[in-house]
Amino acid sequence: MRIALRQVLAILLLALLPAAATGMWHPRRPAWQSDEVTLPAATAWGRDVLWIDARSDADFARGHIPGAASLNEDHWDERLPGVLDHWDTTRKIVVYCSSLSCQTSHDVARRLRDEASLPNVFVLQGGWEAWLKRTP
Amino acid sequence: MPTRLSLCFLLLSASLARADLNWSATTVFTAAAPSEGHASAQFTFTNTGAYPIKITGTRTTCGCTAAVADERTIGPGQTGKIAVSFKTLGRNGLYEEPIVIETNDPKNIETTVYLRVLIRDVVQLLPTLLFWQEGEPLTPKVIRITVTDGFDVKDVGAACANPSVQIHLETVKAGADYKLTVTPLTQHVKATISVTPHADGHSYRVLTAHVRAS
């Protein structure tokens, strides 16, 4: 029994070393502090949210969160001023793209934070798919 | 002794799981300017297995990335490639795009490779939005204009069509660093500032910064 326990511990320790190294240095390591927000949390903010749809124009035309503004990087320069017109410091910005695997919402959120220095910019976890699956 | 056996088993399992598709790199890094339109890269692989492999499809998560696979069946010892193109227009910063490669190899039905693209305009404006909240004194705020390494910029021009916004451009280091001081003269102002980098004989793309005073 004691030997088996020692083996389990040895294997766990062996697994821990590369996991720790990956967590610290890997370029795609998970963020310790996520900028993501869940749909229930974002909808609980009510009218204090400015929804930003980072998907393509065609996807936006097919359907989007009511009141969302379309801001994708193909039309960044033309559309950013319109988005800013709907923003004020009391509003939180929630950016979404198609699904959990898409990266576009993170790219748009990064630019709003880093380039425009906007505070309270979040990414909707699960994106448009999460909105479609929501329970009324 | 049993611990050593377990370790050997772990190492053996890892070596057995090795793929027959040997990628020269699963992450390719490239850099481009937005005005170039596209950044291109190539992923190459060698079939180190004993039987032919065919790429059956590619998937990307964004309409900004296109991947075209070598249509040939890659025989043992042969090399194939995936050509990837990333749309740079309107983009800025570091992007990482996953590309899923599908094959008819049961051991490697899917492999994900990554294209990392650094997109840098000729100059960087920071921030691109200056905002004065309601009731906030209309004191001057500054936009830093930095020329990106590798670009030849002689000087920079700035203009604002709205007379309610005063701008003052100062050279910190010619061809490298500039300071744009912006002051709204009244409340409730919306304006756009155009920044144009100039080089000998030509001008680069005009960049914009935004002013909002509530």
- Message: Within the range A:85-136, take every residue that is open to solvent by 10 Å² or more (accessible area, probe 1.4 Å) and small (G, A, S) and give me the one that is farthest from the chain's Cα centre (by Cα).
- Response: A:S117
- Message: Among the residues of the range A:51-65, what is the count of those that are out of contact with any helix residue (DSSP H, G or I) (no Cβ under 6 Å at 6 or more places or on another chain) and open to solvent by less than 30 Å² (accessible area, probe 1.4 Å)?
- Response: 4
- Message: So, A:L80, is that one more than 16 Å from the chain's Cα centre (by Cα) and open to solvent by less than 20 Å² (accessible area, probe 1.4 Å) or not?
- Response: yes
- Message: If I ask for residues that are more than 15 Å from B:T183 (Cα to Cα) and either surrounded by 17 or more Cβ atoms within 10 Å (Cβ to Cβ) or touching a helix residue (DSSP H, G or I) at 6+ places or on another chain (Cβ under 6 Å) (or both), which ones from the range B:137-163 would you list?
- Response: B:I145, B:V147, B:V153, B:V156
- Message: Residues that are of a type in the set (K, R) and buried (at least 16 other Cβ atoms within 10 Å of the Cβ): does the range B:164-186 have at least one?
- Response: no
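Results for (1) of a type in the set (D, E, K, R); (2) within 15 Å of A:N72 (Cβ to Cβ); (3) open to solvent by 50 Å² or more (accessible area, probe 1.4 Å), shown as yes or no for each residue.
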site	(1), (2), (3)
B:T61	no, yes, no
B:C64	no, yes, no
B:A67	no, no, no
B:E71	yes, no, yes
B:I74	no, no, no
B:T79	no, no, yes
B:F86	no, yes, no
B:Y95	no, yes, no
B:I99	no, no, no
- Query: Does B:D149 satisfy the condition of being under 24 Å from A:R110 (Cβ atoms) and free of Cβ contacts under 8 Å to residues at least 12 places away in the same chain?
  - Reply: yes
- Subset of the range A:68-91, residues within 10 Å of another protein chain (Cβ to nearest Cβ), part of a loop (DSSP other than H, G, I, E, B) and within 20 Å of B:N92 (Cα to Cα), comes to A:N72
- Query: Can you list the strands (runs of 3 or more DSSP E) found entirely within the range B:107-214 that contain at least 2 residues being in contact with a Lys or Arg (Cβ under 9 Å, 6 or more places away or on another chain)?
  - Reply: B:110-119, B:123-126, B:129-132, B:141-147, B:165-173, B:177-184, B:189-199, B:207-213
- Considering residues that are in contact with a strand residue (DSSP E or B) (Cβ under 7 Å, 6 or more places away or on another chain) and not in a loop (DSSP other than H, G, I, E, B), the number found within the range B:20-56 is 24
- Options B:R212, B:R205; residue that is open to solvent by 30 Å² or more (accessible area, probe 1.4 Å) and either within 14 Å of chain A (Cβ to nearest Cβ) or in contact (Cβ under 8 Å) with a residue 24 or more places away in the chain (or both): B:R205
- In the range B:105-136, the residues that are over 22 Å from B:H188 (Cα atoms) and open to solvent by 20 Å² or more (accessible area, probe 1.4 Å): B:P106, B:K107, B:I109, B:E110, B:T111, B:T112, B:Y114, B:R116, B:L118, B:R120, B:Q124, B:L126
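The values are calculated or read from the model by the stated rules, or taken from the named source; none is laboratory data. Quantities reported herein were computed from a predicted structural model and do not represent experimental measurements. As a convention, Cβ positions derive from the backbone with ideal geometry for all residues, glycine included, and neighbour counts pool all protein chains shown. Accessible surface is based on the protein model in full, side chains and every heavy atom, while ligands, DNA and RNA are left aside. Shrake-Rupley method; radii C 1.70, N 1.55, O 1.52, S 1.80 Å.
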